[in-house]
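Single-structure report; data block below.
The values are calculated or read from the model by the stated rules, or taken from the named source; none is laboratory data. This is a predicted model, so every value here is computed, not measured. Counting neighbours? That spans all protein chains shown, and the Cβs are built from the backbone with ideal geometry, glycine included.
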């Protein structure tokens, strides 16, 4: 059950090469900092220079790994992954890193993103390389391609893969003695590089580096491949990479932690600008500004500062509500938001409230929040959304519901306002969004708002396409 009613995160990846240290714990804490990006499965692969050892299964990072588990993963080289499925079922056999074998020996691969031509590549690689596919994710296709691709070194292998892969992929790849990290030629998903204790760390977000005490060096370029081993670190950028990145703009709006650096700026400050921008476009009088915690808090703070209206914590979030292995009954499903949020009646009663949300997908959460605020005595409720209406699905690693579930794809603003029970509703414009994220003319993927993607895509994709007839 998705009581957040948000686009679901993709995945988080970490890689570490630190001579003289056992990196399993480093990778673990890096993944722990990236848990927000995926909560279905977690895995770590390590090597001492002899062979790859792997532990991956369903569950949160803290559920999969314990002290004895990490002790069983020795080595100065390792990669890790925490998953939310965007292609292939939420099954243990799809938990990453995945292992593949080829002429360069055994490799392990962790992937954040979505490859939109995976189905075609499965057929082609079966014929060309004799590949067989036992799992149902696009990551298996990537792993097989990197294992079997021709090339005299990893830069040639990566260039070959980039010519054939279409879509989004930030990768951590390891052999028994090398760490390879890759960001796709469009730069859709983030990836960064840091130093730690005389070695190197790569991660989806800088917040993971901070959590490790690593020093942030830089973000990866579009189409960049980095190879790290005992001889040092080497980098190469594919000649056909896009000049300006097409990073998913939802990384700025919602996905990345607010304390991460994206495109050279702190995400928290960018989100404040998003809130300020939507108020400039759609001002209204109110007594207090309220954000839907926690993801909308920076947006609400920025809007309140621009509006010169007090920002108030009127909704308290139970921070211990999350994924559970206890299946909810119908009553607790319907209670969803009430379980997660609780209003402070004394703050709300008799007030004109300006509610700020970072995004609206199906409208489940905002509708229930408005009902909750009405019961708490709100006089007026005005909603401002610090992103444009979501009118199209994502093809690059975000599970964003189907077209018929996207409320903005099926109702007008007036109809949505009435449906959610607000006194007024306004969204940030696409132009305002691009101003707030300080985007050059052709940077950022805004396909979910505009229907215009950085590469051609089919109208809608089924993430379970490979599940038919697969092992379960």
request  = Among the candidates 357, 329, 399, single out the residue that is outside the structural domain of residue 138 (by TED's automatic domain parsing) and modelled with pLDDT of 95 or more.
outcome  = 357
ask   = Failed condition for residue 401, given (1) touching a helix residue (DSSP H, G or I) at 6+ places or on another chain (Cβ under 9 Å); (2) part of a loop (DSSP other than H, G, I, E, B); (3) within 21 Å of residue 369 (Cβ to Cβ), with all others met?
value = (1)
inquiry  = List the strands (runs of 3 or more DSSP E) inside the range 14-95, counting only whole elements, that have at least 1 residues being within 17 Å of the chain's Cα centre (by Cα), assigned by TED's automatic domain parsing to the domain that holds residue 209 and buried (at least 24 other Cβ atoms within 10 Å of the Cβ).
reply    = 41-47, 77-83
request  = Filter the range 202-245 down to the residues that are touching a strand residue (DSSP E or B) at 6+ places or on another chain (Cβ under 6 Å) and within 27 Å of residue 356 (Cβ to Cβ), then identify the one that is surrounded by the fewest Cβ atoms within 10 Å (Cβ to Cβ).
outcome  = 206
key: Failed condition for residue 172, given (1) crowded, with 24+ Cβ neighbours inside 10 Å; (2) part of a loop (DSSP other than H, G, I, E, B)   = (2)
inquiry  = Can you find a residue that is under 22 Å from the mean Cα position of the chain (by Cα), in a helix (DSSP H, G or I) and on the phi < 0 side of the Ramachandran plot anywhere in the range 389-397?
reply    = no
